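The values are calculated or read from the model by the stated rules, or taken from the named source; none is laboratory data. These numbers come from a predicted model, not from an experiment. Here the Cβ positions follow ideal geometry from the backbone for every residue, glycine too, while neighbour counts run over all protein chains shown. Accessible surface is based on the protein model in full, side chains and every heavy atom, while ligands, DNA and RNA are left aside. Shrake-Rupley method; radii C 1.70, N 1.55, O 1.52, S 1.80 Å.
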Amino acid sequence: MPKSKNTILFLLNPLCDHVHTMTSDNGKEFVRLETIVDVLNADFYFAHSYTSWVRGLNGNINALILQYFIKGCYFTAITQKEIQTVMDKLNNRS
């Protein structure tokens, strides 16, 4: 699998019609975010350093995802159908 920016594009490109915004920390994997933004045609936001409260939604979503895919599982072993099922369940909760 490609590294860094290429990995992000490799994983998200099939979903580009559904990716409208992205938020990340200030990690080195987003150094060349212009390419990611251009290819995905998405708005990109950085979380502010040392302000974890701005990333509450991120932590909440991660916790919800961990209900379906346990910590330590290999995401390369998860099928697109499984991912779609979890996305549908999370996006259509009442």
Can you name the residue in the stretch 38-58 that is part of a helix (DSSP H, G or I), within 23 Å of Leu15 (Cα to Cα) and open to solvent by 40 Å² or more (accessible area, probe 1.4 Å) and is also modelled with the lowest pLDDT among such residues? Arg55
So Arg32 fits all but one of (1) out of contact with any helix residue (DSSP H, G or I) (no Cβ under 7 Å at 6 or more places or on another chain); (2) modelled with pLDDT under 80; (3) open to solvent by 70 Å² or more (accessible area, probe 1.4 Å); what number is the exception? (1)
Pairs needed: first member in the stretch 73-94, within 20 Å of Ile8 (Cβ to Cβ); second member anywhere, aliphatic (A, V, I, L, M) and open to solvent by 100 Å² or more (accessible area, probe 1.4 Å); C-beta distance under 8 Å; at least 6 residues apart or different chains. Thr76/Met1
